[in-house]
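These notes are about the structure you will find just below.
Read the figures in this text as sums done on the coordinates, not as results from a lab. Everything numeric here is computed off the predicted structure, so don't read it as measured data. Every residue, glycine among them, receives a Cβ derived from its backbone with ideal geometry; neighbour counts consider all protein chains shown.
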Amino acid sequence: MKKYVIDTNALISFVTDRNPKQQRIMKGIFEYASVLKGVILCHHHVLTEFVYVMDKVYQVPKDEIKAMVKDFILLPGVDIIQEINFNTVFTYWPEVITDLGDAIVAALCKIQKGSILVTFDQKLIRQIKTAGLNAYS
């Protein structure tokens, strides 16, 4: 079973129309996971960033953001990860991966053997590859 670790921008691309190509990619991943051919792993830090961006950048009303998050966490094939292994995070941050939040998702990728990080952040993709991890392409 494929394991997809999603980054905040991948989740935002799914729920917004900012980039139709990215939205189609995420739709495909969500459909794949919904029939339990794969699993989407989402660290709770990603949800925190998602809420912040949808509120402060996209100015979506909080009750709508809450509904989006509730719907997301109930989707089949989605697992919310609460744990943080800071020893693994610190193997990446700040030398290899400069953003702490990105290092958290990279650490989740490392711990979840064979997983693929789904992000549309080209800088993070380069950093992930430098770290020897897999990025969706």
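When only DSSP loop residues count, what GluC sites (Glu not before Pro) in the range 37-137 have their Cβ near at most 13 other Cβ atoms within 10 Å? Intermediate results must be reported in sequence, preceding the final value.
Working: sites: Glu49, Glu64, Glu83, Glu95; in loops: Glu83, Glu95.
Here the GluC sites (Glu not before Pro) that fit, given the DSSP loop and packing criteria, are Glu83, Glu95.
For the chain, calculate the relative contact order in percent as a whole number, restricting contacts to Cα pairs under 8 Å that are 6 or more residues apart. Please list the in-between numbers first.
Numbers: 192 pairs, mean separation 41.3, N = 137.
Relative contact order comes out at 30 percent.
Neighbouring Cβ atoms within 10 Å as the yardstick, rank Ser137, Ser13, Ser115 fewest first.
Lowest to highest Cβ neighbour count: Ser137, Ser115, Ser13.
Tell me what the chain gives for mean residue ellipticity at 222 nm when only DSSP H runs of n ≥ 4 count, each as -39,500 (n - 2.57), the sum divided by the residue total, rounded to 500 deg cm²/dmol.
Calculated mean residue ellipticity at 222 nm is -17000 deg cm²/dmol.
Highest GNM mean-square fluctuation, the chain, Cα pairs closer than 10 Å: which of Gln59, Gln112, Gln23?
Gln59
Which of the pairs Lys37/Lys113; Lys66/Lys113; Lys70/Lys123; Lys2/Lys113; Lys3/Lys66; Lys3/Lys113 have their Cα atoms more than 19 Å apart in this structure?
Lys66/Lys113; Lys70/Lys123; Lys3/Lys66
GNM, the chain, Cα, under 10 Å: largest mean-square fluctuation among Val118, Val53, Val78?
Val53
When only DSSP loop residues count, what trypsin sites (Lys or Arg not before Pro) in the range 13-82 have their Cβ near at most 16 other Cβ atoms within 10 Å?
Arg18, Lys37
Which of Gly101, Gly28, Gly38 moves the most in a Gaussian network model of the chain with Cα springs under 10 Å?
In this elastic network of the chain, the residue with the biggest mean-square fluctuation among Gly101, Gly28, Gly38 is Gly28.
With only alpha-carbon atoms in the gyration tensor, what are the semi-axes of the equivalent ellipsoid for the range 2-135, in Å, largest first?
Equivalent ellipsoid of the range 2-135: 23, 17, 14 Å, largest first.
Within the range 33-137, report the chymotrypsin sites (Phe, Trp or Tyr not before Pro) that DSSP leaves as loop and that have at most 13 other Cβ atoms within 10 Å. Let's see the in-between values first.
On the way: sites: Phe50, Tyr52, Tyr58, Phe72, Phe86, Phe90, Tyr92, Phe120, Tyr136; in loops: Tyr58, Phe120, Tyr136.
Answer by residue number: Tyr58.
Of all alpha-carbon pairs in the range 1-79, indicate the percentage at a distance above 14 angstrom.
61 percent
When the Kirkwood hydrodynamic radius is evaluated over all pairs of different C-alpha atoms of the range 44-119, what value in angstrom, to one decimal, is obtained? Each step should come with its number before you reach the end.
Working: mean 1/r = 0.0727 Å⁻¹.
So the Kirkwood estimate lands at 13.8 Å.
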